[in-house]
Amino acid sequence: MSKPLHGKIALVTGATRNAGRGIAIELGAAGATVYLSGRSGGGHTSPENRPETLEQTAAMVEAEGGTAIVVPTDHLDSAQVRALIERIEAEQGRLDVLVNAIFGGNSLLEWDKPVWEHDLDGGLRMLRLAIDTHLVTAHHALPLLTRHPGGLVVEITDGTNAYNADNYRVNTYFDLTKAACNRLAFTLGHELRPHGGTALALTPGWLRSEIMLEAYGVTEENWRDALDKTPHFAISETTRYAGRAVAALAADPRVARYNQQSLDAGSLAKEYGFTDLDGSQPDAWRYLVEVQDPGKPADTTGYR
């Protein structure tokens, strides 16, 4: 079995659940040694009070033939992040791929609440969890990543630049977090280019995350049962789809052509030829623009 990332060292922050988990699994399956970080590991539970753990993610990586190393880390704590990077340096001497997937602010979301009604402390905390964590991580990790040419930084966000520019995303705070991640990829790409590095933003589509499946009262095995109430959920994708996008990018010797860009998993599937676990290629952001947002009946024909 091909292992195009054999010998590569990756760090996935926020690897406990959601896109971070799927990305970690696929990087490991492609041969990378994957460090997994976040707050839900080592017997600690994150403030989101979810059951998923880094250790569970590590077991999934290993089930795919990969190598995973769990390092519980609060990415708002500079000292903890510095210790994480020092450990990677001591054990591996390099870092080839950094995936900033950490968020942990879902429990703070107040849907469609104007800024004057949204809880202020919760909104500001969301900004810290989504933006400060990425900056703290970049500060400590990029000196190691730039030690060798070809390093890749992937900022995980929700929505492409093009989509978010024209659409209100949940509330002011959430909207700012996702715009910031897209912009952070642009600025990091500018700073990495002289060192032979690449930074880009990647958004999954309608993600069948653990939280989303739970909200709809379904599992990955019977997720289509939710279509009666939410027909457009038919365009949804597993967390592994974004993982395959990151693995394809990390294995691409010409990945620098995407430097500073805002990308989505569905478009990259067409470019690289990968599929979701069911063999389909969901193109969620095109579907949202052409079908869901105009109010058309749910029909994924031509979109997956």
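The values are calculated or read from the model by the stated rules, or taken from the named source; none is laboratory data. Everything numeric here is computed off the predicted structure, so don't read it as measured data. Cβ sites come from the backbone with ideal geometry, for glycine too, and all protein chains shown count toward neighbours.
Couple of notes before you dig in:
- Remark: GLY205 matches the filter, which requires a residue to be assigned to a loop (DSSP other than H, G, I, E, B), closer than 23 Å to THR16 by Cα and touching a residue at least 12 places away in the same chain (Cβ under 8 Å).
- Selection within segment 225-255 - under 20 Å from GLU214 (Cβ atoms), outside any helix (DSSP H, G or I) and not charged (D, E, K, R): THR230, SER236, THR238
- Residues of segment 204-226 that turn out to be among the hydrophobic types (A, V, I, L, M, F, W, C) and either within 24 Å of SER267 (Cβ to Cβ) or touching a Gly at 6+ places or on another chain (Cβ under 6 Å) (or both), as a count: 4
- Selection status of TYR303, farther than 27 Å from ARG50 by Cβ, touching a residue at least 24 places away in the same chain (Cβ under 8 Å) and not in a helix (DSSP H, G or I): yes
- If you go through segment 50-80 and pick out every residue that is more than 18 Å from the chain's Cα centre (by Cα), of a type in the set (S, T, N, Q) and closer than 26 Å to ASP132 by Cβ, you end up with 2.
- Among residues of segment 256-266 being in contact (Cβ under 8 Å) with a residue 40 or more places away in the chain and in a helix (DSSP H, G or I), the one that is farthest from GLU191 (Cα to Cα) is GLY266.
- Filter result for LEU108 (closer than 30 Å to ARG286 by Cα and over 18 Å from the mean Cα position of the chain (by Cα)): yes
- Any hit, segment 238-254, residues being modelled with pLDDT of 95 or more, over 22 Å from TYR163 (Cα atoms), surrounded by fewer than 17 Cβ atoms within 10 Å (Cβ to Cβ) and of a type in the set (A, V, I, L, M): no
- Note on segment 180-212: residues that are modelled with pLDDT under 95 and of a type in the set (A, V, I, L, M, F, W, C) total 2.
- Given (1) surrounded by fewer than 23 Cβ atoms within 10 Å (Cβ to Cβ); (2) under 25 Å from GLY205 (Cα atoms); (3) touching a Phe, Trp or Tyr at 6+ places or on another chain (Cβ under 8 Å), number of the condition GLU48 does not satisfy: (3)
- Of residues in segment 26-48 being in contact (Cβ under 8 Å) with a residue 40 or more places away in the chain and more than 24 Å from HIS148 (Cα to Cα), the one nearest to the chain's Cα centre (by Cα): GLY38
- The single condition among (1) aromatic (Phe, Trp, Tyr); (2) free of Cβ contacts under 8 Å to residues at least 12 places away in the same chain; (3) in contact with a strand residue (DSSP E or B) (Cβ under 9 Å, 6 or more places away or on another chain) that TRP116 does not satisfy is (3).
- Any hit, segment 226-233, residues being at pLDDT 95 or above and under 15 Å from VAL154 (Cα atoms): no
- Neighbours by Cβ (under 8 Å, 6+ apart or cross-chain): first from segment 80-109, on the phi > 0 side of the Ramachandran plot; second among the aliphatic types (A, V, I, L, M): GLY104/LEU129
- Picking from residues in segment 176-196 that are over 17 Å from the mean Cα position of the chain (by Cα) and small (Gly, Ala, Ser), the one that is surrounded by the most Cβ atoms within 10 Å (Cβ to Cβ) is GLY189.
- Which numbered condition LEU277 fails, given (1) surrounded by 17 or more Cβ atoms within 10 Å (Cβ to Cβ); (2) without any contact (Cβ under 8 Å) to a residue 60 or more places away in the chain; (3) more than 21 Å from LYS178 (Cβ to Cβ): (1)
- Scanning segment 197-237 for residues that are buried (at least 21 other Cβ atoms within 10 Å of the Cβ), in contact with a strand residue (DSSP E or B) (Cβ under 9 Å, 6 or more places away or on another chain) and farther than 25 Å from ALA141 by Cβ yields GLY205, ARG208, SER236, GLU237.
- Residue list for segment 10-45, filter: of a type in the set (Val, Ile, Thr) and surrounded by fewer than 24 Cβ atoms within 10 Å (Cβ to Cβ): THR33, THR45
- Inter-residue pairs, beta-carbon under 7 Å, first among the charged types (D, E, K, R) and in segment 123-150, second surrounded by fewer than 19 Cβ atoms within 10 Å (Cβ to Cβ) and not in a helix (DSSP H, G or I), 6+ apart: ARG128/LEU76; ASP132/LEU76; ARG147/ARG94
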